[in-house]
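S.K.: Mind having a look at this structure? Questions to follow.
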Amino acid sequence: MLSRLKIQEHIPLAPFTTLKVGGPARYFADAACVDDVRAAVDFARSRGVPLFVLGGGSNLVVADAGFPGLVLRIGLSGIEERREDGKAIFEAGAGEDWDTFVAHTVAQGCAGLECMSGIPGTVGGTPIQNVGAYGQEVAETIDSVRVLDLESNQIQELCNPACEFAYRSSIFNTSRRGRYVVLAVRFALEPGGAPRIAYADLKKHFAGRDGTPSLAETRQAVRQIRLSKAMLIVEGDEDCRSAGSFFKNPVVSEEQYRTLAQVAASRGLEVPRFTAANGQLKVPAAWLVEQSGFGKGYARGAVGISRRHALAVVNRGGATAAEIVALKDAIQARVEETFGIRLAPEPVFLGFEKG
């Protein structure tokens, strides 16, 4: 397919994000095919401007001044299915809506993504951050990621180990940030598999019922739980006008946890913890935020914290990116002062000198 890429200028970016803040892109384009992606890369290089690839805008904070380069919104679509070695293989274009794709796999009776229902954004964004929720993460089921390598200008298939997935990270947002454009993702799911009911809220939801919930029931339960926490996008609900969880859950060693526990005990508190990889422990960032004085419903002018989820920094209407970042900085500083832990933000910060 030949590219018919249309380059637009000075396009406001706030409407393309769930947080609804930020200024314009100097250049903006929609890519419907791989040739469009290549054409956009060539355009950015010819103008000597940076390129940013936009998915669903659900994990993005755009600076008030906007972005001086080309923002390329990926719209590559299509879902292919086949069976291979007992697995159900689903290959989805990077521009496919994530929740719609999850619904499709659940309808086909294939387990592996059901607990990630309701997450906003696109398929292409999921491997970048190793998206996860309610006891699952995409690294468990991604077979490979098709990318355009901006260094070689060649299309490559990166297998799961090559992506170097870890908690909320991959080569796409760490060691190889900016090198690849995700074009499609291939998932290997379990046909006829049982849903994963490991997360506490899910166990509570299904407590007392007989038998194992179906995949569809699990998906519905996850969406209901997310809705109760304002983590399901609902138009007109200011508690949903966010970038989702704004901070990553800190992963600490046993020794670091003991130090943290001592600090908390001096304040009459007990730190919750969960088992993480490699013998480490995960501490809920939401608990740290709340115990540092930023509870649900906290307000600071036009910005604040969701009334239903302590990790969601929200735009209550008319907020600026600068106000969002100022609240982020205040939360980070207070948590570090109180508990000695520096929270790492989850969203991508576009147009800022630093995040």
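The values are calculated or read from the model by the stated rules, or taken from the named source; none is laboratory data. These numbers were taken from a predicted model, which means no experiment stands behind them. Don't worry about glycine lacking a Cβ; one is built from the backbone with ideal geometry, like all the others, and counts go over all protein chains shown. Only protein heavy atoms, including side chains, enter the accessible area calculation; ligands, DNA and RNA are left aside. Shrake-Rupley method; radii C 1.70, N 1.55, O 1.52, S 1.80 Å.
S.K.: Can you confirm whether the stretch 143-150 contains a residue that is under 22 Å from Ala39 (Cβ atoms), at pLDDT 95 or above, out of contact with any Phe, Trp or Tyr (no Cβ under 7 Å at 6 or more places or on another chain) and open to solvent by 60 Å² or more (accessible area, probe 1.4 Å)?
M.R.: yes
S.K.: Regarding the stretch 20-34, can at least one residue be identified that is over 24 Å from Val348 (Cβ atoms) and over 17 Å from the mean Cα position of the chain (by Cα)?
M.R.: Checking the stretch 20-34: at least one residue is over 24 Å from Val348 (Cβ atoms) and over 17 Å from the mean Cα position of the chain (by Cα).
S.K.: Okay, next question. Select from the stretch 1-26 the residues that are open to solvent by less than 20 Å² (accessible area, probe 1.4 Å), under 21 Å from Gly178 (Cβ atoms) and out of contact with any Pro (no Cβ under 9 Å at 6 or more places or on another chain) and list them in ascending order.
M.R.: If the condition is that a residue be open to solvent by less than 20 Å² (accessible area, probe 1.4 Å), under 21 Å from Gly178 (Cβ atoms) and out of contact with any Pro (no Cβ under 9 Å at 6 or more places or on another chain), then Thr17 is the only one that fits.
S.K.: When the stretch 226-250 is examined, which residues are found to be of a type in the set (A, V, I, L, M, F, W, C) and either modelled with pLDDT of 95 or more or more than 20 Å from the chain's Cα centre (by Cα) (or both)?
M.R.: Hits for the stretch 226-250 are Phe246, Phe247.
S.K.: Within the stretch 306-341, count every residue that is in a helix (DSSP H, G or I) and either touching a Cys at 6+ places or on another chain (Cβ under 7 Å) or buried (at least 17 other Cβ atoms within 10 Å of the Cβ) (or both).
M.R.: Residues flagged as in a helix (DSSP H, G or I) and either touching a Cys at 6+ places or on another chain (Cβ under 7 Å) or buried (at least 17 other Cβ atoms within 10 Å of the Cβ) (or both) within the stretch 306-341 amount to 11.
S.K.: Are any of the residues in the stretch 75-87 touching a residue at least 40 places away in the same chain (Cβ under 8 Å), in contact with a Ser or Thr (Cβ under 8 Å, 6 or more places away or on another chain) and acidic (Asp, Glu)?
M.R.: Taking every residue of the stretch 75-87 in turn, none turns out to be touching a residue at least 40 places away in the same chain (Cβ under 8 Å), in contact with a Ser or Thr (Cβ under 8 Å, 6 or more places away or on another chain) and acidic (Asp, Glu).
S.K.: Another question, if that's okay. Please determine, by comparing only the residues of the stretch 153-170 that are of a type in the set (S, T, N, Q) and under 14 Å from the mean Cα position of the chain (by Cα), which one is surrounded by the fewest Cβ atoms within 10 Å (Cβ to Cβ).
M.R.: By that ranking, first place goes to Ser169.
S.K.: If you don't mind, there's one more thing I want to ask. Hey, could you check the stretch 38-81 for residues that are more than 14 Å from Gly23 (Cβ to Cβ) and of a type in the set (Asp, Glu) and say which is most open to solvent (accessible area, probe 1.4 Å)?
M.R.: Per the criteria, the residue is Glu80.
S.K.: Quick one: would you say Leu113 is touching a residue at least 60 places away in the same chain (Cβ under 8 Å) and more than 26 Å from Phe247 (Cα to Cα)?
M.R.: Details: touching a residue at least 60 places away in the same chain (Cβ under 8 Å): yes; more than 26 Å from Phe247 (Cα to Cα): no.
Spelling it out, it is not the case that Leu113 is touching a residue at least 60 places away in the same chain (Cβ under 8 Å) and more than 26 Å from Phe247 (Cα to Cα).
S.K.: Also, I was wondering about something else. Has the stretch 220-230 got at least one residue that is over 28 Å from Val325 (Cα atoms), in contact with a His (Cβ under 6 Å, 6 or more places away or on another chain) and not basic (Lys, Arg)?
M.R.: Just the residues of the stretch 220-230 that are over 28 Å from Val325 (Cα atoms), to begin with: 220-224.
Applying the additional criterion that residues be in contact with a His (Cβ under 6 Å, 6 or more places away or on another chain) yields 221.
Narrowing the set further to residues that are not basic (Lys, Arg) leaves 221.
Yes, because at least one residue in the stretch 220-230 is over 28 Å from Val325 (Cα atoms), in contact with a His (Cβ under 6 Å, 6 or more places away or on another chain) and not basic (Lys, Arg).
S.K.: Oh, and also: Considering only residues of the stretch 82-95 that are farther than 26 Å from Pro50 by Cβ and not in a strand (DSSP E or B), which is most open to solvent (accessible area, probe 1.4 Å)?
M.R.: Of the stretch 82-95, the ones farther than 26 Å from Pro50 by Cβ are 82-92.
From what's left, not in a strand (DSSP E or B): 85-86.
Values: Asp85: 148, Gly86: 58 Å².
Among residues in the stretch 82-95 that are farther than 26 Å from Pro50 by Cβ and not in a strand (DSSP E or B), the one most open to solvent (accessible area, probe 1.4 Å) is Asp85.
S.K.: May I pose another question? Can you name the residue in the stretch 194-205 that is open to solvent by less than 80 Å² (accessible area, probe 1.4 Å) and in a helix (DSSP H, G or I) and, of all such residues, is farthest from Pro284 (Cα to Cα)? Give the derivation first.
M.R.: Taking the stretch 194-205 first, the residues open to solvent by less than 80 Å² (accessible area, probe 1.4 Å) are 194-195, 197-198, 200-202.
Narrowing the set further to residues that are in a helix (DSSP H, G or I) leaves 200-202.
Values: Ala200: 13, Asp201: 14, Leu202: 17 Å.
Filtering first and then ranking leaves Leu202.
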